[in-house]
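The values are calculated or read from the model by the stated rules, or taken from the named source; none is laboratory data. What you see is a predicted model, and the numbers here were worked out from it, not measured in a lab. Cβ coordinates were reconstructed from backbone atoms using ideal geometry, including for glycine residues, and neighbour counts include every protein chain displayed.
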Amino acid sequence: MHSSEYFRIEKYEQIHFWYRAMEELTLSTLSNRRNTLITTRMNVEERIKILDAGCGTGGMTKKLEHFGEVTGIDINPVAIKHAQLKNINNLKKASVMDLPFNNNSFDLIVSLDVLYHKMVTDDKKALSEFYRVLKPNGLVLIRVPAFEFLRGAHDITVETRHRYTADELKEKIEYVGFRIEKITYANMLLSIPLFVKRLFERRPAFGGVNKRGHSDTFLLPTLLNTFFYWYLRFENSLLNYINFPIGSSLIVVAKKLPEK
């Protein structure tokens, strides 16, 4: 990701409707599975050990400290520098394809918008690394951008290698040994105007798919930003009961089963 995007994330992640709603969805998903994570530890008094795999500027890493002891890794030194300013103790510069940890080190792995990136040249290798360092009964929560037909200028700027479908990601996750607990798209209704926007961006008159512009991380007028935030919160509440068949993001929760 271009260094300027980390500054944009740092500037907007606490107020932009998408960041706020997706953060709340992540935290509520984990809260609903807190009891599952207890089964990964011999001593229930121990704090849950969490890996934020691709921590970026550390905003989510800091929030995950509510659940346990968090280690953040990122391949980009600019991201690490931003995260260090948040007083996060455990940070390492590392690739998700080569994690510098022992087998069975973590109870929970969170990886948000990482596997899609061009620096992750082998997503199955990254998933295998997640499986290796996760404890039996541990959980992994993964978010990636969905559907190649939603590719646009944003993807050029943030260096997207690939956008996923649910069937494709499910196959890769199960291939390395995980059992899927939940898989769903998110941001369902807003994916429709996003498709129209990206469709125009791909037209030759607008520079086509190779045009480098800015990402979609910019602040809307306050009223519109607030409306979209509350609408996404409503959609997120529905995900407690159903899975969406379409959306601009794809979210998976999977479990590492103990060996028989």
When you go through (1) buried (at least 18 other Cβ atoms within 10 Å of the Cβ); (2) modelled with pLDDT under 95 one by one for Gly207, which number turns out not to apply? (1)
Residue count for region 210-240, restricted to those that are under 30 Å from Lys135 (Cβ atoms) and either small (Gly, Ala, Ser) or at pLDDT 95 or above (or both): 2
When you scan region 3-106 for helices (runs of 4 or more DSSP H) that lie fully inside it, which ones turn up with 1 or more residues that are under 30 Å from Phe218 (Cβ atoms) and among the hydrophobic types (A, V, I, L, M, F, W, C)? 3-12, 17-31, 59-64, 77-84
Arg198 passes all but one of (1) surrounded by fewer than 21 Cβ atoms within 10 Å (Cβ to Cβ); (2) of a type in the set (D, E, K, R); (3) modelled with pLDDT under 95; which number fails? (1)
Look at region 219-252 and say how many of its residues are loosely packed, with under 11 Cβ neighbours inside 10 Å, in a loop (DSSP other than H, G, I, E, B) and of a type in the set (A, V, I, L, M). 1
Region 121-132: number of residues that are surrounded by fewer than 21 Cβ atoms within 10 Å (Cβ to Cβ) and either assigned to a loop (DSSP other than H, G, I, E, B) or touching a residue at least 60 places away in the same chain (Cβ under 8 Å) (or both): 3
Exception for Thr71 within (1) within 22 Å of Glu129 (Cα to Cα); (2) among the hydroxyl-bearing types (Ser, Thr, Tyr); (3) at pLDDT below 90 falls at (3)
Considering (1) free of Cβ contacts under 8 Å to residues at least 40 places away in the same chain; (2) of a type in the set (S, T, N, Q); (3) closer than 19 Å to Lys170 by Cβ, say which one Asn104 fails and leave the rest. (3)
Restricting the search to region 134-172, which residues are among the aliphatic types (A, V, I, L, M), in a helix (DSSP H, G or I) and either in contact with a helix residue (DSSP H, G or I) (Cβ under 6 Å, 6 or more places away or on another chain) or surrounded by fewer than 21 Cβ atoms within 10 Å (Cβ to Cβ) (or both)? Leu150, Ala153, Ile156
Do you know which residues across region 83-106 are within 18 Å of the chain's Cα centre (by Cα) and modelled with pLDDT under 95? Ala83
